[in-house]
Each structure stands twice: as structure tokens, then as C-alpha cells.
Amino acid sequence: MISSSSSVILRRSDATAGADADQPRVIRFRTSLRNTVCDVMKDRPGWRETESETEWDFFWCDIHWLHEFYDGLYLREDQRINHFKNHYELTRKDLLVKNMKRMMKETAKAPVRHGGGKDVAEHYDLIATSYALPQEHALFSEEFKRHPGTVWIMKPVGKAQGRGIFLINKMSQINGWRKDPRLMARGENGEPVDGPEAYIVQRYIERPYLIGGKKFDIRAYALVTCWNPLTVHIHRHAFCRFSNTQFSMDAKDISNMYIHATNVAIQKTAPNYDGSKGCKWLIRNLKLFLASKHGEDAVLALFNQIEELMIRALVSVAKIMINDKHCFELYGYDVLIDQDLRPWLLEINASPSLTAETQWDYDLKYGLLNDMFDVVDMERKCPPPSEAGPRTCVGGFDLVYYDGPVAHANASVYETMLGAYHPIKPAPRKFGKKRRPPATTAAESMDLTNLTGSTTCTP
């Protein structure tokens, strides 16, 4: 359980908030994206797109723009953007590992009466054993020698969508990485500079939980609207991303990313990928499936651990994050479950993919983004959080942390709403040229047909 010096507050429904609000004010938004994000903003009442570089109310910017221009930009009181300045403390793989290790050490040294101690510190052991390369190459070499034959996964610290990932089981493969010109670090002009690209090497989870013999991970979403006090909403809709190939730890399969990487960007290039079905499954379906196998108590404990994992990662960086009233951020968490029903944090994304692959995927992300903008409340329909406190239930977002953990008003113990029922409403737009699926879809009704040996997955 996550402790805090503040008292635990109760969640409340706020369905009537803003019911008497005036007509929507005009919100001028700017973005370079042409995907679900842009569609949602265009469809919100009163929102109008602008190409002006300065005269806007909301700017959905990318992290490259943020790093280059934000420091020199003067923002009006009411202007907002979708990233915090030093988000990389959480979303760059090596810095995430560093900050989690630091939090474990600080917590272990803190007095028990102040929420510290070794037992509490163990709750921050959320990431598999990791080393930053090339800085910690010597430490990794010693660890590798102590566990010969162990499989490790190499990830570039600043890339996404599975780019640059590969598995190793021999030190000679590390030496090859250090000399490979394709993996050299590059400067701003794209030209190679001295030394290999920065990587993180992590002990590979060799016993992942499998469904239909296939590996999967979970993409979940947390919205941070403030770092001081830390204010976190988690969306009920997460989803599983499945591989298209039966899982194997055979040495001959170590280089097969269709087995070991669940990133959609990789899986959709697989020969057996079915674009009409995709490879995602709603987390509520996973919850029901696991309950049928392991019982409700075990699944509730697992989902509580997943939510706690998401919050602890944020708590670990809260003191070093630069809080800014102009900013909020939607983080995409990648979580893996092992065969002991233990969740592992893989990484956190500052720019999770919001481009859809199917109509079901589009409807889900459209609703997620609409709920996010309702929480941010650019239209000022609700009193500001500084006056009335944050709303505790907005669409599919539940307030889970507000300077301390937030409990349900109708629960005697802390329980997560992650994976709880929340309708996926049809978006007003259709995805691509595909017809909308019928009202009752696999996203809403559990279907195990494709999880017992078939080579494809359906939502």
C-alpha cells in the first residue's frame, strides 16, 4: 500500500459537474498530428484549429518541439500544452531505472515511522535487473558471469515502438553491439559520434504469462495534471498487445522479435498478421479470463499491484519533476505479467501511440482522449482544482492519487477501478474506409476462441 502524509480521500462521482455551464468558449488548438488526437479536438464543441505559432489556447506538441522552444516561450495564464518540461526523468528508460533505484535506496534508509524501511523499499522493485550501457558495462559483465546462460534484452534508451531492441545470451553479442556502426550514437545532424548508442540491458522475463501460448503485455494510461501536489488519474480502459507467434525460449528463436516483442509496430509486419482483427484485447476481457483461471481474489490483488506500480513510478520522480500549471501529460505504461501473476514495469511512454489500427481501437482511443480533455477542462466548465479539488470520476478516468492514495466511497478497502466496466462508445467518425463493427463486439463480450491455439488475436 502506498503511504502518504496526507489523509486518504474518498472518490466521488461528478456526473453533474458543469451542467449549468454557459455555451462553450472557443478553444484555438494547434497540432501537427493527423490522427485520433486531431479528430477528437476538431469534434469538441467550440474547438477550432489554428496554424498560428503563438495565438493558440492549447498546443498538442511533440517532445522535440518542447525541448527546443519551450524555455524561450512566454505562455498566457490560460494556455496549455501536453508535456511537462523534464518528462524524460520518467520516460527515458535509463533515467527511469536510475530514479527507481534511487527511490529504493532512499526508502530503505528512511525511518519506519516516516513510511520507510526495507520492507517498504521492496515495493519499488518493479523493474527487472537493469544496467545502463556503456556506463555500467563492467557491472553488467560481473552480473552476467554470475548467471551464465541467462537471456537479457537490449533496448535503446530514447527510442520507441520496439526499434533497436534485441536479445542476447552471450557476452560476445554485447561486444558486437559496441562495434556495430548501425548502433553508434548520433549527434543532432544525424552523423555518428564517438561511442555506441546508449542502451539499457535488462534481465529478460523468461516465464511470461501466456494466453493461447502467446506472450502479451498491457498498455495502460495515467494522466498527471499536477506534480505538486501529485495528481494522478488512471483510465479504466487499458488493453493487451499480443504477439502473433507462439512463445519460445529456444536458442534458435532468440532473434525472432515476432515472438519476444509485443509492439504493434513490429507485430503488424508479421506474415500472419490480420489487419482487420489486430492483436489487441481489452483489459476487462483479460480480467475475466484470469478470474476464470485463478479466482477473483488473485486477480483483484494483481490489478491492485498494477495500479500501485503505476503510481509508485510517478512517486519516485515527483520531487524532481518541474511542475508547471500550463502542462499536463498522458503517460502510456507497458506492463508484463509473469506466470506467478507478478506485474513488471517495462517502460513508460511520454508520447504513447494514439493512432488506431482498427475501428475498435479508434473508438477506444477516441473515448480515452475525450475523457482526458474533460479532465483538463480547457472549457472551464468546472471550478479549478485549486478551489474545489480535482474531480474523482470523469468518464473513464478515476482519480487514484491526490497527494496520497484515493479510495472508493463504497469500498472498505482500497480497490482499483482498472479494468472495471466502462462503455466504449462509437466515435462520431469512422476509422479509414472500414465499416463500423456491430454494437456487440469482442471488445465487450469475452470470446476465448482465438486464445486456445489460433495464430491470430481479436480485441
Subject >> Centroid-to-centroid separation of segment 112-146 and segment 84-105 [C-alpha atoms, Å] >> reply: 13
Subject >> 3J(HN,Hα) from dihedral phi, segment 328-343, Karplus parametrisation 6.51/-1.76/1.60, rounded to Hz, x for glycine, proline >> reply: 8, 7, 9, 9, x, 8, 10, 10, 10, 9, 9, 5, 8, 6, 9, x
Original post:
Working out 0.36 nm times the residue gap between Lys118 and His137, then minus their Cα-Cα distance, what length gain in nm do you get to one decimal?
Top reply: 4.1 nm
**OP:** At q = 0.18, 0.23, 0.27, 0.29 Å⁻¹, what is the base-10 log of I(q)/I(0) for segment 335-385 according to the Debye formula with one equal point scatterer per Cα and no solvent? Please give it to two decimals.
**Re:** -0.83, -0.92, -0.97, -1.01
Original post:
Once amide H atoms are placed 1.01 Å from N in the peptide plane, what residues at a sequence separation of 5 or more from Ile27, or on another chain, have their amide H within under 5 Å of its amide H?
Top reply: Trp47, Arg48
Original post:
So how do Glu89, Glu206 line up by other beta-carbon neighbours within 10 Å, fewest first?
Top reply: Glu206, Glu89
Subject >> Above-threshold pairs, the threshold being 22 Å between Cα atoms, out of Lys215/Lys277; Lys155/Lys319; Lys280/Lys365; Lys268/Lys365; Lys215/Lys293; Lys170/Lys280 >> reply: Lys155/Lys319; Lys170/Lys280
Original post:
Around Val400, which amide H atoms from residues at least 5 apart in sequence, or from another chain, sit under 5 Å from its own amide H, with H modelled in the peptide plane?
Top reply: Val232, His233, Ile234
Original post:
Using 1/(1 + (r/R0)^6) with R0 = 60 angstrom and r between the beta carbons of Lys145 and Glu55, what's the FRET efficiency to the nearest 0.05?
Top reply: 0.50
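Thr269 to His326: extension gain in nm, 0.36 nm per residue of separation minus the Cα-Cα distance? Could you put the intermediate results ahead of the total?
Numbers: separation 57, 0.36 × 57 = 20.52 nm, distance 3.89 nm.
Answer, rounded to one decimal: 16.6 nm.
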Subject >> In nm, spacing of pseudo-spin labels at Thr355 and Leu341 (7 Å Cα→C-beta vector) >> reply: 3.8
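Where a number appears in this text, it was derived from the coordinates with a stated rule and is not lab data. As the structure is a prediction and not an experimental result, all values here were calculated from the model. Glycine gets a Cβ as well: all are built from the backbone with ideal geometry, and neighbour counts include every protein chain shown.
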